[in-house]
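The values are calculated or read from the model by the stated rules, or taken from the named source; none is laboratory data. In this text, all values refer to a predicted model and were calculated from it rather than measured experimentally. Note that each Cβ is placed from the backbone with ideal geometry, even for glycine, and that neighbours are counted across all protein chains shown. Accessible surface areas use protein heavy atoms only, side chains included; no ligands, DNA or RNA. Shrake-Rupley method; radii C 1.70, N 1.55, O 1.52, S 1.80 Å.
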Amino acid sequence: MNFEENSMRSGPVRRCAPALLFLISLAFSACSDLPTQAPNRVAFPRGGEPEDGTGAFPDPGAEAIDEDLAALPPIDDGLFSPVRRALAEGDWLAARLALPVARSGPGMEETATQRATDLWVTYYRAKIEYLRGDLESHASRIAELTAAALPVGLEIELLEHQLSVAEARGDEAARFDLARRLLDLGGHPDRTADACQDALWQAAQRLVAEQSRPRADDTIARGWLDLATVLRNDRPPPEVLASLASWQANYAEHPGAGKALSLAEALRTDAGAERYTLLLPLSGPLAAAGDALARGAFAQYYAENAPGVVIDIVDSRRYEKVSDALQNRTGEAPAVVLGPLGKRQVAELLQFPPEGQAILTLNRPEQPLAAPTVLQLALAPEDEARQLAELAFAEGARRVLLVRPESAWGERISRVFEQRWSRLGGKLAATARYAEASGYSRLIRDALSLDASEDRGRRLRSLFSDGIETSGRRRGDLDAVFLLTRSSDEARALKPLLTYHYAGNLPTYALSTADAGGLDPARDRDLEGLRLLVMPWRLQEGAVPGLGDERASGSFDALHTLGSDAYRLARRWSVLHSDARPLQQGFTAELQADASGVLHRRLRPAEFSRGRLIPR
């Protein structure tokens, strides 16, 4: 017998095992399968459903009516409205029960309307399976639909769904192709033609940055790829302007012509900028952080060696108000101010921004604030929490255990994660909050319901005179674990405990804070299999100027790298702030400004293997 991975050793117990197994199998079979025909389901005249549960019958005559599908009017909106409503609420079971049954089958004459309805049923089944996390079945149904002739409305819906999945998975080649095809069909109510063009623009930039430019046979696709190529390298502005002028001459009627014009104006502004000011804390409690940022900025400045460019540095701690630091400066006004660093000073600056002064802050306030001449750069873990939720959902996780610190930071980050996870359709099965390291093991045991497993084992052993051996079994309703740890030491302590408590086979996800910078690969072996988001420089050895192998501590590596990115961004301040909203491939993240001036980060998925990070 096998009960909670228990092994029986006594003779009498072996003889009763078959009967007990039979009773257990009857109990499970009585409750494991849902009814195939729910009382409230919408039924077509035929009634019933094929035994395989697919909702579609063989249709040997389908080829004869495929040509009529494109001319069909839309399917009755009320037929699938309960399904759409349930999917929007993340309730896949209600959506499945609301699906109508197929109305065609063997021995029945099939019309184009019936065929179209069956195709819509298949599409909604695919969406249900994706929401459930059954990615294999989802892919199979999508393949079935893409091989069939579809009504135009369904083809648009299918492309929109595939595009959303490709975006979540970070599959830029598929995203580029799907956005182009969706554009040909006139877009989707949820994604206008302009939004399709923006999807093409973003995908083109990432493909060019990854040096995986696809072949493009049409002017629209080729134009976006060529424009992304113009902006790819950190070349001097005059060279970029010359390439951009050539693009404008070749693609005068292209949808990206407006972005190219905006980029050209911004590039000319950036090309004339020669003086920058670093406004950082060089004394007081944030002095070490300010020093790391300054070192990164100056290392990048010397690496680029741009003629005529000057950097000034000001200690923000010398002024009671950050506005005083900007007003009391002497000499020529800087083109861009880089700083301040503290959240309070950033909030003050955003409330009373100096008129006409371009600013790149190195933090952002707790409450969103915007100013017309300010870009906000920060290593915000909230951005990572959202991206981590999207990554895990795209990989099939649906019910998860969240492990996070008992602190204001843990509360803030977990709230952001939970909001995004719920909006995607995921469920939070349990939350474990940790404080002292001495309580980590008990915390993980309780979260995985191991005490209940051991109690069942004790009761089982008490039923038999001879001794039996039992082993624990964790709760079985989890797809993944999220470790929202604030440091690599916390992650190294918690990750092995998951394996010890029978959860080693669950995918485990973490923020970039779980990475110590690769300074001690031997200790990082404790993170084996951990999936996390990392800053791009961690996968590009030697990419960051001034950040060498002689590092004694990784505590300020991220700030040094942020300083390097800050200088590069300041040199492209007008381009980033332009209407074109281009992507900047930074060392800390891929960055893009929104309409309020906030620079959003997108990190790289990676995994620990034998103590080292490998891309995923």
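Out of everything in segment 459-514 that is in a helix (DSSP H, G or I) and among the hydroxyl-bearing types (Ser, Thr, Tyr), what residue ends up being modelled with the lowest pLDDT?
Ser462
If a residue has to be open to solvent by 30 Å² or more (accessible area, probe 1.4 Å), of a type in the set (Gly, Ala, Ser) and either assigned to a strand (DSSP E or B) or under 20 Å from Ala289 (Cβ atoms) (or both) to count, how many in segment 307-361 make the cut?
0
Kindly provide the set of residues from segment 235-263 that are closer than 18 Å to Leu225 by Cβ and outside any helix (DSSP H, G or I), ordered by number.
Arg235, Tyr251, Ala252, Glu253, His254, Pro255, Gly256
Which of the residues spanning segment 134-143 are of a type outside the set (A, V, I, L, M) and surrounded by 20 or more Cβ atoms within 10 Å (Cβ to Cβ)?
Across segment 134-143, the qualifying residues are His138, Arg141.
Does Ala435 qualify as being exposed (fewer than 14 other Cβ atoms within 10 Å of the Cβ) and modelled with pLDDT of 80 or more?
yes
Under the condition of being free of Cβ contacts under 8 Å to residues at least 40 places away in the same chain and under 21 Å from Glu395 (Cα atoms), which residue from segment 486-505 is least open to solvent (accessible area, probe 1.4 Å)?
Only one residue tops the list, namely Lys495.
Just wondering, is there one or more residues in segment 277-291 that are touching a residue at least 40 places away in the same chain (Cβ under 8 Å), open to solvent by 10 Å² or more (accessible area, probe 1.4 Å) and in a strand (DSSP E or B)?
yes
Are any of the residues in segment 407-425 at pLDDT 95 or above, aromatic (Phe, Trp, Tyr), in contact with a helix residue (DSSP H, G or I) (Cβ under 7 Å, 6 or more places away or on another chain) and in a helix (DSSP H, G or I)?
There is at least one residue in segment 407-425 that is at pLDDT 95 or above, aromatic (Phe, Trp, Tyr), in contact with a helix residue (DSSP H, G or I) (Cβ under 7 Å, 6 or more places away or on another chain) and in a helix (DSSP H, G or I).
For residues that are among the charged types (D, E, K, R) and under 32 Å from the mean Cα position of the chain (by Cα), scanning just segment 235-285, find the one that is modelled with the lowest pLDDT.
Arg235
Taking Ala516 as meeting all but one of (1) open to solvent by 20 Å² or more (accessible area, probe 1.4 Å); (2) among the small types (Gly, Ala, Ser); (3) touching a residue at least 40 places away in the same chain (Cβ under 8 Å), write down the number of the exception.
(3)
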